[in-house]
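The values are calculated or read from the model by the stated rules, or taken from the named source; none is laboratory data. Computed from a predicted structure; not experimentally measured. As a convention, Cβ positions derive from the backbone with ideal geometry for all residues, glycine included, and neighbour counts pool all protein chains shown.
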Amino acid sequence: MTEQHTERPQISLRRPSSWTPPLIATAIVIAIGGLLGAPWAFSSMTHDGRREHMAEFMDFMIERALGRVDATESQQEEVLAIAGEARQALFALREGGLERRQEFIDQLVADPTDAARLEVLRGAQLADIEEASRVVVEALARIGEVLTPDQRQALADFHRERHHRWHH
């Protein structure tokens with residue numbers, strides 16, 4: 001029996017140039033969104049001291065990024081204020097998620113498990129994720145109004161450089 005080899009069509013991974021603006025926008029969203037959304041990801045940040053430390057670290061990272069794009073002092077203050085508001089909203093959402101996590105555990109070990117209650121908890125968790133997404137996107141839009149197009153481009157370049165260094 002002979003093996004038949006069929007040639008697969010070559011798929012080009014080269015992106016059309018029309019994708020460049022959306023990719024830059026995505027890079028900006030990831031760069032700043034990652035900084036704003038960081039508290040959501042750190043489940044051990046439950047004590048005020050740790051939360052304060054995380055807030056300071058996030059401000060440091062934002063200042064560092066803004067320094068690389070030659071943001072004025074006024075721009076830095078405005079972006080930090082926007083990020084601070086978003087961070088407070090995200091911390092508040094996170095607290096609700098931590099309480100729900102314990103409820104999930106309680107339901108998991110209950111006899112019998114209340115599927116309807118688990119569904120309610122799941123819905124609340126999804127609502128919090130949706131709200132967190134809204135908070136981050138709103139903050140990004142406001143930050144985008146503060147920075148110039150050249151600064152946003154430089155921020156996207158900075159993010160691309162950091163991403164390449166850590167992931168390649």
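Going through 117, 87 one at a time, which residue ends up being more than 18 Å from residue 59 (Cα to Cα), out of contact with any strand residue (DSSP E or B) (no Cβ under 6 Å at 6 or more places or on another chain) and basic (Lys, Arg)? Steps first, answer last, please.
Working: 87 fails: more than 18 Å from residue 59 (Cα to Cα).
Being more than 18 Å from residue 59 (Cα to Cα), out of contact with any strand residue (DSSP E or B) (no Cβ under 6 Å at 6 or more places or on another chain) and basic (Lys, Arg) holds for just one of 117, 87, which is 117.
Among the residues in the stretch 62-74, are any in contact with a His (Cβ under 9 Å, 6 or more places away or on another chain), among the aliphatic types (A, V, I, L, M), within 30 Å of residue 160 (Cα to Cα) and touching a residue at least 40 places away in the same chain (Cβ under 8 Å)? Spell out how you get there, then give the answer.
First pass over the stretch 62-74, keeping only residues in contact with a His (Cβ under 9 Å, 6 or more places away or on another chain): 65.
Retained after the next criterion (residues that are among the aliphatic types (A, V, I, L, M)): 65.
Subset that is within 30 Å of residue 160 (Cα to Cα): 65.
If we keep only those that are touching a residue at least 40 places away in the same chain (Cβ under 8 Å) as well, we get 65.
The answer is yes; a qualifying residue exists.
Within the stretch 81-88, does at least one residue satisfy the condition of being touching a residue at least 40 places away in the same chain (Cβ under 8 Å) and farther than 15 Å from residue 131 by Cβ? Step through it out loud before you land on a result.
Here is the first cut: in the stretch 81-88, the residues touching a residue at least 40 places away in the same chain (Cβ under 8 Å) are 82-83, 85-87.
Remaining after also requiring farther than 15 Å from residue 131 by Cβ: 82-83.
Yes; the residues of the stretch 81-88 include at least one that is touching a residue at least 40 places away in the same chain (Cβ under 8 Å) and farther than 15 Å from residue 131 by Cβ.
Quick test for you: out of 140, 98, 126, 93, pick the one residue that is out of contact with any Pro (no Cβ under 8 Å at 6 or more places or on another chain), among the hydrophobic types (A, V, I, L, M, F, W, C), assigned to a helix (DSSP H, G or I) and under 21 Å from residue 69 (Cα atoms).
After ruling out the rest, the residue left standing is 140.
Of the residues that make up the stretch 130-137, is at least one more than 30 Å from residue 69 (Cα to Cα), surrounded by fewer than 18 Cβ atoms within 10 Å (Cβ to Cβ) and modelled with pLDDT of 90 or more?
The initial filter retains those residues of the stretch 130-137 that are more than 30 Å from residue 69 (Cα to Cα), namely 130.
With the extra rule that they be surrounded by fewer than 18 Cβ atoms within 10 Å (Cβ to Cβ), the set shrinks to 130.
Retained after the next criterion (residues that are modelled with pLDDT of 90 or more): 130.
Yes, the stretch 130-137 contains a residue that is more than 30 Å from residue 69 (Cα to Cα), surrounded by fewer than 18 Cβ atoms within 10 Å (Cβ to Cβ) and modelled with pLDDT of 90 or more.
Here are some residues: 81, 92, 38. Which one is under 26 Å from residue 148 (Cα atoms), at pLDDT 50 or above and not charged (D, E, K, R)?
Details: 92 fails: under 26 Å from residue 148 (Cα atoms); 38 fails: at pLDDT 50 or above.
Of 81, 92, 38, the one residue that is under 26 Å from residue 148 (Cα atoms), at pLDDT 50 or above and not charged (D, E, K, R) is 81.
For residue 146, indicate whether it is touching a helix residue (DSSP H, G or I) at 6+ places or on another chain (Cβ under 7 Å), β-branched (Val, Ile, Thr) and closer than 30 Å to residue 76 by Cβ. Step through it out loud before you land on a result.
On the way: touching a helix residue (DSSP H, G or I) at 6+ places or on another chain (Cβ under 7 Å): yes; β-branched (Val, Ile, Thr): yes; closer than 30 Å to residue 76 by Cβ: yes.
Yes: the conditions hold for residue 146.
Could you tell me which numbered condition residue 99 fails, if it satisfies all but one of (1) at pLDDT 90 or above; (2) within 20 Å of residue 51 (Cβ to Cβ); (3) loosely packed, with under 13 Cβ neighbours inside 10 Å?
(1)
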